[in-house]
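As structure tokens, the structure follows; a few thoughts come after it.
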Amino acid sequence: MDLFTVFTIALGMSMDAFAVSLSAGTDQRTNSARPIFRLSFHFGLFQAIMPILGWFLGSTIEPLIKNYDHWIAFALLAFVGIRMIRSGFAGDDAPSQADPSRGLTLVMLAIATSIDAFAVGLSLAFLRVSIWTPALVIGIVTSLLSLIGLRLGNQVGKTFGKRVEIWGGLLLIAIGLRIAITHMA
């Protein structure tokens, strides 16, 4: 898989974390370096680990489904993309009373924003793509975009947070279509 595709997947996967970072950035408790580091580090770490876990699961079942694995990869990416788009159009929830940069709230946010990366790892296993470079790129891109999202959130507020998920979802669906079309050609 070429680096451009890996980077595009990383951008798509990091949109949830970016959107959450925008929202978390509006919380006054996330205006200093420590909470910003904690959030961006954990979002990136979880985004890097989840595709690896998905890839290992996918690698074990790949021989059973190798004749239609490209359709499964498309379906998983489309499912994740549609979920992100629906979430982008959904109304914002009430703000949380818990500090988003600490404890269980931090872990839950990191897991919630990285579950989709598990499906991407599963898809990459079906395509017989090595997971190490994509996982590293996804983690780094997510950390950087989370950092940017937190900084923007500090300044801009919640105005654009949910809309970013729509773009991330569209990117993932486009990648899934590309995979399916490439294998049919």
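Bear in mind these aren't lab numbers, they're just calculated from the coordinates by the rules spelled out. Owing to the predicted nature of the structure, the values given are computational and were not obtained by experimental measurement. Note that each Cβ is placed from the backbone with ideal geometry, even for glycine, and that neighbours are counted across all protein chains shown.
Highest mobility in the GNM of the chain, judged by mean-square fluctuation with C-alpha springs under 10 Å and restricted to Arg34, Arg128, Arg151, is found for Arg34. Here log10 I(q)/I(0) by the Debye sum over Cα atoms at q = 0.09, 0.14, 0.16 Å⁻¹ was calculated from the structure, and among (1) -0.31, -0.70, -0.89; (2) -0.52, -0.97, -1.16; (3) -0.54, -0.86, -1.07 it sits at label (1).
Note on the chain: with charges restricted to the Cβ of Lys and Arg (+1) and Asp and Glu (-1), its dipole about the Cα centre is near 240 debye. Of the residues Leu64, Leu170, Ser146, the one whose Cα sits farthest towards the positive end of the charge dipole of the range 3-184 is Ser146 (charges of +1 on Lys and Arg Cβ, -1 on Asp and Glu Cβ, taken about the Cα centre).
Backbone phi angles across the range 135-146, fed through the Karplus curve with coefficients 6.51, -1.76 and 1.60 (θ = phi - 60°), yield HN-Hα couplings of 4, 5, 5, 4, x, 5, 4, 4, 4, 5, 5, 5 Hz in residue order; Gly and Pro are listed as x. Which Cα, out of Ala185, Ser21, Ile82, lies furthest along the positive dipole direction of the chain (beta carbon charges, K/R +1, D/E -1)? Projecting each Cα onto the dipole axis, the largest value belongs to Ser21. Subtracting the Cα-Cα distance of Phe37 and Ser87 from 0.36 nm times their residue separation leaves 15.4 nm of extension gain.
If you run the Gaussian network model on the chain, springs between alpha carbon atoms under 10 Å, then out of Thr60, Thr142, Thr30 the most flexible one is Thr60. Once the chain from Ile115 to Arg102 is taken as fully extended at 0.36 nm per residue, the excess over their C-alpha distance is 2.7 nm. Contact order for the range 1-155, expressed relative to its length and based on alpha carbon pairs under 8 Å spaced 6+ residues apart, stands at 55 percent. Extension gain, Phe7 to Thr182, is 61.2 nm, computed as 0.36 nm per intervening residue step minus the present C-alpha separation. Mean-square fluctuations from a GNM of the chain, with a 10 angstrom spring cutoff on Cα atoms, peak among Leu172, Leu147, Leu106 at Leu106.
For a paramagnetic label modelled on Leu127 (point 7 Å from Cα along Cα→Cβ), amide N atoms under 17 Å away belong, within the range 1-34, to 1-15. Here the simple spin-label model places points 7 Å from the Cα toward Cβ, and for Ala75 and Ile61 these points are separated by 1.0 nm. With angles folded into 0 to 90 degrees, how steeply does helix 3-25 sit against the dominant principal axis of the chain? Use alpha carbons for both and round to 10. Once rounded, the angle reads 30 degrees.
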